[in-house]
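The values are calculated or read from the model by the stated rules, or taken from the named source; none is laboratory data. As the structure is a prediction and not an experimental result, all values here were calculated from the model. Backbone-built Cβ (ideal geometry, glycine too); neighbour counts: all protein chains shown.
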Amino acid sequence: MAKKEILEFFQKKPERFYKVRLFDELGFKRKQCKNCGKFFWTLTDQEICNDSTCRPYEFIGNPPTKKPLDYFETWKLIEKFFVENGHTPLKPYPVVCRWFPLYFTIAGIVDFYRLTDSKLDFEFPANPVILPQICLRFNDLANTGVNSRSYTCFGMVQQSSLFDGKQGYWKDECIELDFRLLTEAFGIKPEEIVFIEDAWLGPSAFGACLEYHVQGLELGNAVFTEFVGNPENFVEMEKKVVDMGGGWERFTWITQGTPTSYDCVFGPVVEKLKKLSGLKEDKSLQNYWKLAGLLSFDEASEPNAIRKLVADKLKISPKELEKKVSKFETIYALADHTRAIVFAISDLGIPSNVGGGYNLRVILRRAFDFVEKLELGVEVEEIASWHIDYLKKMFPYLEDRREEIEKIVRVEKERYRKTKEKSKRIVESLTGKELSEEELIKIYESEGITPESLGVKVPPLFYAKLTQKHEKPVEVEEKFPFDVSTLQPTKILYYQPIYEFHATVLKASGDLVVLDQTAFYPTSGGQAHDTGYIDNIKVKEVIKAGKVILHRIEGSLEEGKRVLCKVDKDRREILKQHHTATHIVNAAARKVLGEHVWQHSAYKDVDKARLDITHYDALSEEEVEKIEAEANKIVRENLPIKVEILPRGEAEQKYSFRIYQGGIVPEKELRIVSIGDIDHEACGGLHCNSTGEVNCISILRTKRVQDGVVRLEYCSGDVAISYLKEVENILGEVAKKLEVPEEKVPEAVEKLFKEWKSKRKELKKRKVRK
Ligand SMILES: [Zn+2]
Ligand SMILES: [Zn+2]
């Protein structure tokens with residue numbers, strides 16, 4: 001059953017799912033739109049609904065509100081209203097989502113999504129709440145800058161309440177509040193407001209919703225999430241969720257009545273861009289912008305058809321229309337894309353060709369192309385800076401990130417220039433050839449070249465298809481010869497200093513053994529497993545499967561047997577050091593390279609450990625030296641390493657979302673490992689008691705393993721000492737061979753190298769002469 005069927009299911013009982021107290025009290029009538037067929041609630045006799053596909057944006061040039069408000073004033077007014085009505089105001093969450101399996105915060109409600117035992121759960125810091133959430137969405141690039149509703153980066157007015165019959169509120173109160181917000185706070189006449197029935201289907205939950213529209217513009221959508229499961233198999237939730245998402249930009253727009261929403265939400269940015277491009281206001285386009293709401297490119301197989309429809313209404317040719325509006329659209333999209341980059345990089349995202357970074361690169365490259373196409377004579381990083389100048393009033397942290405944003409954009413630009421050189425050659429080889437969508441996708445994926453920069457028309461859905469291809473893959477769970485989920489959770493002993501213990505074999509099959517309790521650490525969180533013996537049988541591998549721990553042994557055991565277990569203590573000690581060193585190197589890299597450094601993945605074995613971090617460039621020798629020095633400084637400071645178990649929400653408030661360095665932890669309680677006050681991570685691994693126990697850290701090598709990811713390999717403790725000894729031995733041997741003292745080796749090698757180079761040159765010359 002898809003959304004359509006759910007909607008039908010709800011609409012069979014409109015009294016139960018849609019009729020709220022306000023409708024009764026004020027006499028809202030339920031009608032079916034003669035144009036689009038949707039059901040809506042209104043105080044008037046209107047026969048068509050207020051959707052943009054049914055009505056033009058009538059407020060352009062004639063706003064229905066009390067007074068014009070800028071972007072910040074809009075938020076202040078909304079916040080004030082909800083705070084006066086008992087809501088706790090919250091700060092926006094980061095746009096890069098670290099707490100739920102999404103790359104970006106695509107909606108306000110995502111702030112409260114958590115996973116508990118792989119199921120959707122909610123984490124509300126207060127109830128009810130109001131906040132301005134900046135969201136990123138990259139599935140609507142074709143319409144961004146076009147229809148006034150679409151953005152890749154937009155603010156969502158998030159009004160939420162958790163309702164269990166006692167606390168919070170439900171549909172009646174929600175719609176009353178929204179109606180009062182529109183009428184009392186904004187001064188919109190009640191007759192202008194229409195509520196349209198719809199349904200919402202999310203990840204493992206769904207519910208009915210009421211959208212509120214004014215003069216062709218949807219201002220908000222109140223979603224009432226009340227069922228978990230899927231539409232075939234669901235139960236009513238104990239705690240229901242009011243999830244009202246309003247369009248911050250749209251609220252500003254309706255109070256100003258400017259030709260598009262893009263004209264009034266970016267502060268001075270759009271005005272500046274228009275000036276640089278020599279673009280003048282065009283009064284003849286006023287009617288076009290009113291109809292622009294009809295444009296929705298990716299729903300149409302042929303985008304030109306809609307453009308033609310609008311052109312016909314305006315009685316001009318589609319070509320002429322396109323010519324008139326395309327420059328405006330490009331400027332609007334450029335303003336949007338650069339703002340998205342500002343927020344994304346500020347919240348520690350970086351452009352790359354993997355995961356969410358991939359989307360950031362697409363919009364950044366589009367922005368480079370736009371700037372070039374419009375011949376603006378301004379750099380993308382400057383436009384980003386204008387946004388910061390404007391936004392810092394409400395988002396002061398952007399100021400601290402200005403330099404890093406500029407640097408990252410510049411590195412990307414350099415990379416793109418090189419790519420474009422390549423694309424020139426591609427274009428030359430393609431002259432006269434029509435490229436299929438498939439080929440364009442291939443060119444983007446292999447070379448990073450956008451259709452725009454090839455001078456080719458972007459096929460509809462091109463970016464949507466690309467985005468889909470880069471969505472997170474589903475992780476495949478390991479299969480075992482027996483059903484692990486039926487076993488009791490293994491009692492864990494490895495957080496205590498226990499290396500010898502007795503246990504009972506609960507399950508045995510082939511070489512796999514499950515005990516009632518264990519001190520063997522399983523491979524998890526990037527830390528390699530312990531080894532040792534169970535009743536003198538060697539333990540080869542230790543695996544975690546949910547809450548059960550499995551031991552792979554060199555032999556077999558009988559179920560029910562009482563066994564004596566011994567953990568290899570030396571191996572464990574090294575793993576502890578390498579694991580602790582990983583936290584330290586991460587903190588050191590962040591300090592040296594910048595705030596955008598985030599753990600991408602890590603692995604701690606006995607011979608060495610590796611940490612992959614997010615970074616936009618390869619590391620210079622100097623940077624590596626600095627990181628090593630910083631890491632060893634942390635070791636020398638002998639900072640205490642503290643472990644505390646905290647409720648998830650509390651841990652996030654106390655230490656920020658940086659705790660999720662190792663990814664999402666689907667638990668209500670988190671184990672937080674802190675190194676002094678420089679690093680706090682949710683981590684289930686085993687660590688030293690203080691940084692001094694790591695002894696020393698030696699970085700062995702670094703490598704750019706993929707775009708946007710740099711690998712550091714290092715060792716610590718005795719492993720590092722024996723490594724350094726080895727290096728010393730090699731140096732001694734080299735010195736001996738060169739017949740110089742050790743400290744003269746670099747000099748001697750350089751001399752040797754120069755001689756070799758000149759010899760090679762000579763040899764080449766001779767070859768040429770022949
Ligand atoms: Zn309609
Ligand atoms: Zn750890």
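For a quick check of your reading: which strands (runs of 3 or more DSSP E) sit entirely within segment 651-712 and have at least 1 residues that are more than 16 Å from ligand 1 (Cβ to nearest atom), touching a Pro at 6+ places or on another chain (Cβ under 9 Å) and among the acidic types (D, E)?
Output list reads 669-675.
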query = Regarding V548, is this residue touching a strand residue (DSSP E or B) at 6+ places or on another chain (Cβ under 7 Å) and under 24 Å from V694 (Cα atoms)?
reply = no
key: helices (runs of 4 or more DSSP H) fully within segment 1-48 counting 1 or more residues that are more than 20 Å from D178 (Cα to Cα) and among the aromatic types (F, W, Y)   = 3-11
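Could you run through segment 41-99 and say how many residues are more than 16 Å from ligand 1 (Cβ to nearest atom) and either of a type in the set (K, R) or within 34 Å of the chain's Cα centre (by Cα) (or both)?
34
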inquiry  = Based on this model, can you work out whether V597 counts as among the hydrophobic types (A, V, I, L, M, F, W, C) and not in a helix (DSSP H, G or I)?
reply    = yes
inquiry  = Can you tell me which residue is nearest to ligand 2 (Cβ to nearest atom) among those in segment 497-518 that are more than 17 Å from L557 (Cβ to Cβ) and of a type outside the set (F, W, Y)?
reply    = P497
message = Is it the case, given these coordinates, that I130 is at pLDDT 90 or above, assigned to a strand (DSSP E or B) and β-branched (V, I, T)?
response = yes
ask   = Can you tell me which residues in segment 77-100 are touching a Pro at 6+ places or on another chain (Cβ under 6 Å) and closer than 21 Å to T65 by Cβ?
value = E79, V83
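Taking segment 654-672 as the region of interest, how many residues are at negative phi and within 13 Å of ligand 2 (Cβ to nearest atom)?
Number of matching residues: 8.
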inquiry  = Looking only at residues that are among the polar types (S, T, N, Q) and buried (at least 20 other Cβ atoms within 10 Å of the Cβ) in segment 71-121, which one is farthest from K547 (Cα to Cα)?
reply    = T74
ask   = Within segment 1-13, how many residues are loosely packed, with under 15 Cβ neighbours inside 10 Å and under 20 Å from C174 (Cβ atoms)?
value = 1
inquiry  = For segment 689-704: of the residues being buried (at least 20 other Cβ atoms within 10 Å of the Cβ) and within 14 Å of ligand 2 (Cβ to nearest atom), which is farthest from R572 (Cα to Cα)?
reply    = T691
ask   = Applying the selection to segment 522-566, what residues are under 37 Å from the mean Cα position of the chain (by Cα) and among the aliphatic types (A, V, I, L, M)?
value = A528, V542, I543, A545, V548, I549, L550
query = Got a sec? Which strands (runs of 3 or more DSSP E) wholly within segment 520-581 have at least 1 residues that are crowded, with 17+ Cβ neighbours inside 10 Å and without any contact (Cβ under 8 Å) to a residue 60 or more places away in the chain?
reply = 532-534, 537-545, 548-553
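For (1) under 29 Å from the mean Cα position of the chain (by Cα); (2) within 26 Å of Y93 (Cα to Cα); (3) buried (at least 24 other Cβ atoms within 10 Å of the Cβ), each residue gets a yes or a no:
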{"site": "L141", "(1), (2), (3)": "yes, yes, yes"}
{"site": "F154", "(1), (2), (3)": "yes, yes, no"}
{"site": "W170", "(1), (2), (3)": "no, yes, no"}
{"site": "E173", "(1), (2), (3)": "no, yes, no"}
{"site": "E191", "(1), (2), (3)": "no, no, no"}
{"site": "W200", "(1), (2), (3)": "yes, yes, no"}
{"site": "F206", "(1), (2), (3)": "yes, yes, yes"}
{"site": "Q215", "(1), (2), (3)": "no, no, no"}
{"site": "F227", "(1), (2), (3)": "yes, yes, no"}
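Results for (1) crowded, with 24+ Cβ neighbours inside 10 Å; (2) touching a His at 6+ places or on another chain (Cβ under 9 Å); (3) among the hydrophobic types (A, V, I, L, M, F, W, C), shown as yes or no for each residue.
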| site | (1), (2), (3) |
| --- | --- |
| K327 | no, no, no |
| L334 | yes, no, yes |
| V342 | yes, yes, yes |
| L360 | yes, no, yes |
| R365 | yes, no, no |
message = What's the number of the only condition in (1) within 29 Å of I549 (Cβ to Cβ); (2) away from ligand 2 (no atom under 16 Å from the Cβ); (3) in contact (Cβ under 8 Å) with a residue 60 or more places away in the chain; (4) not hydroxyl-bearing (S, T, Y) that I675 fails to meet?
response = (2)
Matching residues in segment 652-710 - criterion: being among the charged types (D, E, K, R) and more than 22 Å from D117 (Cα to Cα) = K654, D677, D679, E693, R701, K703, R704, D707
query = Can you spot a residue in segment 58-81 that is of a type in the set (S, T, Y), at pLDDT below 95 and either in contact with a strand residue (DSSP E or B) (Cβ under 9 Å, 6 or more places away or on another chain) or part of a loop (DSSP other than H, G, I, E, B) (or both)?
reply = no
